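Coordinate-derived values only; no laboratory data. If you're wondering where the values come from, they're calculated on a predicted model, not measured in any experiment. Cβ placement follows ideal geometry from the backbone for every residue including glycine, while neighbour counts extend to all protein chains displayed.
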Amino acid sequence: MNRFAYLVPQSFEAAAKLLAGLPPRSSVLVKAGGIDVLDRLKERIDTPQQVLNLLALRGEAARIGATAGGVVEIGALATLAEVAEHELVRARFPAVAAAAGHTATPQIRNAATVGGNLCQKPRCWYFRSRDYRCLKKGGSMCYAVAGDNRYHAVVGAGACHIVHPSNLAPALVACGARIRLVAEGAGGSASRVIPIDAFFRVPVDPRQDEHTLRPGELIRVIELPAAGAGPQSAYVELREKQSFDWPLVSCAANLNDRAHPRVVLGAVAPIPWRLRAVERVLAGGGLDDRTISRAAALAAEGFEPMSRNAYKVRLVAPAVADALRQARDRGKEDSDNG
Ligand SMILES: Cc1cc2nc3c(=O)[nH]c(=O)nc-3n(C[C@H](O)[C@H](O)[C@H](O)COP(=O)(O)OP(=O)(O)OC[C@H]3O[C@@H](n4cnc5c(N)ncnc54)[C@H](O)[C@@H]3O)c2cc1C
Ligand code: SF4
């Protein structure tokens, strides 16, 4: 690990100001729970001059609550364990609670934050190893193309074949989340809100970040709008083993807005992958088993596996069908109990 200056701001505004005041081209690394950041420092994937630790801002920045308008707000520094266990999230956005609760181990969920989960770097083993200088690190080739690509993308890749590593990402997309950002502007700190679909970046240039945050910008709050709320959302993941593991394929489905269902895959593409063809079959129609099977059968159409990950394509339809059935049946249980 290299030597770095350690910065501890007392508010998001102060953090944004600190970031904006750093000399041009200085390499700063923002830290929240530190699960990903410590790995990257230890592997020397990042060698920052400054580390800015947001954890002192827990408290208000970890709050989960609802506004008068029914928007559920999750502070960026809320841990995955807090999200998984929170009554409001469990009742109104079960897919989000499940995605957080399926992540890694209890120890990691107790430290990892929502903002960090969305911004973590990809798990591609060539990227994670200091021995490979691949396209993402400014090198001249993607080692996954001719190498061991069993966990890489099966759709949506450009020159770089990463899959987005976040469990929360597909669930938040399925629930139509928005992200409130903060940065230092000309007249002091300024915030903007973006739809989560605009947060993820397809790796056209693999050296760019996987997200669209501007330099110095921080995630402050995740907003979950009332339009996507209700019992009928679900998140499922298929893994190699049942104890903690990364998903091979995950699927988040949200059927609460019957006219605009959302179905999103994780672990198959560099960004959470919306299944528009599946959504069209389900929009406004019935949710019987036949319709679900018909919709799920369309899910992997056009996917292009690499040499060692065709198995992923075969997992897509069962994952989608399972998520859709769980979302539908959760609604039934709710009306039976009501
Ligand atoms: C064994 C193991 C298994 C795992 N399994 C899974 C899994 O199944 N699914 C899954 O999703 N993850 C998994 N993870 C990854 C883990 O969930 C993430 O590393 C963690 O969520 C990152 O959160 P953090 O708060 O620790 O982020 P940090 O490590 O502190 O930061 C991660 C990145 O986010 C940026 N960042 C953090 N907060 C903000 C903010 N508010 N605004 C802007 N940028 C910010 C940082 O600059 C950094 O680039 C696993 C990790 C391990 C070690
Ligand atoms: S998939 Fe991306 S991160 Fe992995 S080796 Fe290829 S270019 Fe590098």
Item checked: Relative pair counts by distance (%), Cα atoms of segment 164-323, 5 Å bins -> 1, 9, 16, 19, 18, 15, 10, 6, 3, 1, 0, 0
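Pairs Lys137/Lys241; Lys31/Lys137; Lys42/Lys136; Lys137/Lys312: which are spaced more than 29 Å apart, C-alpha to C-alpha? Kindly include the intermediate steps, with their values, before the conclusion.
Values: Lys137/Lys241 31 Å; Lys31/Lys137 20 Å; Lys42/Lys136 18 Å; Lys137/Lys312 26 Å.
Over 29 Å Cα-Cα: Lys137/Lys241.
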Item checked: For segment 218-271, the fraction of alpha-carbon pairs in successive 10 Å shells from zero, as % -> 21, 37, 35, 7
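Using the Cα atoms of the chain to build a convex hull, what is its mean projected area in square nanometres?
Working: hull surface 70.3 nm².
Over all viewing directions, the chain projects a mean Cα-hull area of 17.6 nm².
Using only helices, what value at 222 nm comes out for the chain when you add -39,500 (n - 2.57) per DSSP H run of length 4 or more and divide by the total residues, to the nearest 500 deg cm²/dmol?
Taken over the chain, the calculation gives -9000 deg cm²/dmol.
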Item checked: Filtered trypsin sites (Lys or Arg not before Pro), segment 206-283: DSSP coil and at most 10 other beta carbons within 10 Å -> Lys241
Item checked: Inter-site label distance for Ile194 and Ser11 at 7 Å from Cα along Cβ, in nm -> 2.5 nm
Check: How much space per residue, in cubic angstrom, does the convex hull of the C-alpha atoms of segment 58-227 take up?
Finding: 140 Å³
Notebook entry, point to check: Once you put a point 7 Å from the Cα of Arg3 and another 7 Å from the Cα of Glu301, both along the Cβ direction, what distance in nm separates them?
Noted result: 6.1 nm
Next item on the list: Pick out, in residue order, every one of the trypsin sites (Lys or Arg not before Pro) in segment 12-56 that is DSSP loop and has at most 16 other C-beta atoms within 10 Å; say none if there are none.
Entry: Arg25, Arg44
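Going by how many other beta carbons lie within 10 Å of each one, how would you line up Lys332, Lys136, fewest first?
By the 10 Å Cβ count, ascending, the order reads Lys332, Lys136.
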Next item on the list: Return the single residue from Pro24, Pro272, Pro206 with maximal mean-square fluctuation; model: Gaussian network over the chain, springs between Cα atoms under 10 Å.
Entry: Pro24
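Over segment 232-337, what is the relative contact order in whole percent, taking alpha-carbon pairs under 8 Å and six or more residues apart?
30 percent
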Margin query: Just to be sure I understand the model, the point goes 7 Å from the Cα along the line to the Cβ. What's the resulting Ala259 to Ala111 distance in nm?
Written below: 4.7 nm
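Rank the residues Asp257, Asp46 as a footprinting-exposure proxy: fewest other Cβ atoms within 10 Å of their Cβ go first. Can you show the working numbers first?
Numbers: Asp257 15, Asp46 19.
Fewest-to-most Cβ neighbours within 10 Å comes out as Asp257, Asp46.
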Next item on the list: Measure out, as a whole number of angstrom, how far apart the alpha-carbon centroids of segment 8-81 and segment 177-236 sit.
Entry: 14 Å
Next item on the list: Report the charge-dipole magnitude of the chain in Debye, nearest 20, computed about the Cα centre from +1 at each Lys and Arg Cβ and -1 at each Asp and Glu Cβ.
Entry: 820 debye
Item checked: Zone of Leu55's modelled label, taken as backbone nitrogen in segment 73-110 under 16 Å from a point 7 Å along Cα→Cβ -> 77-82, 107-110
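Going by how many other Cβ atoms sit within 10 Å of their own, how do Ser140, Ser11 line up, fewest first? Please list the in-between numbers first.
Numbers: Ser140 7, Ser11 14.
The fewest-first ordering by Cβ neighbours comes to Ser140, Ser11.
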Notebook entry, point to check: How much length is gained if the chain between Ser140 and Glu43 is pulled fully straight, taking 0.36 nm per residue apart and subtracting their Cα-Cα distance, in nm to one decimal?
Noted result: 32.9 nm
Checklist line | Cα centroid of segment 257-286 to Cα centroid of segment 240-254, whole Å | finding: 17 Å
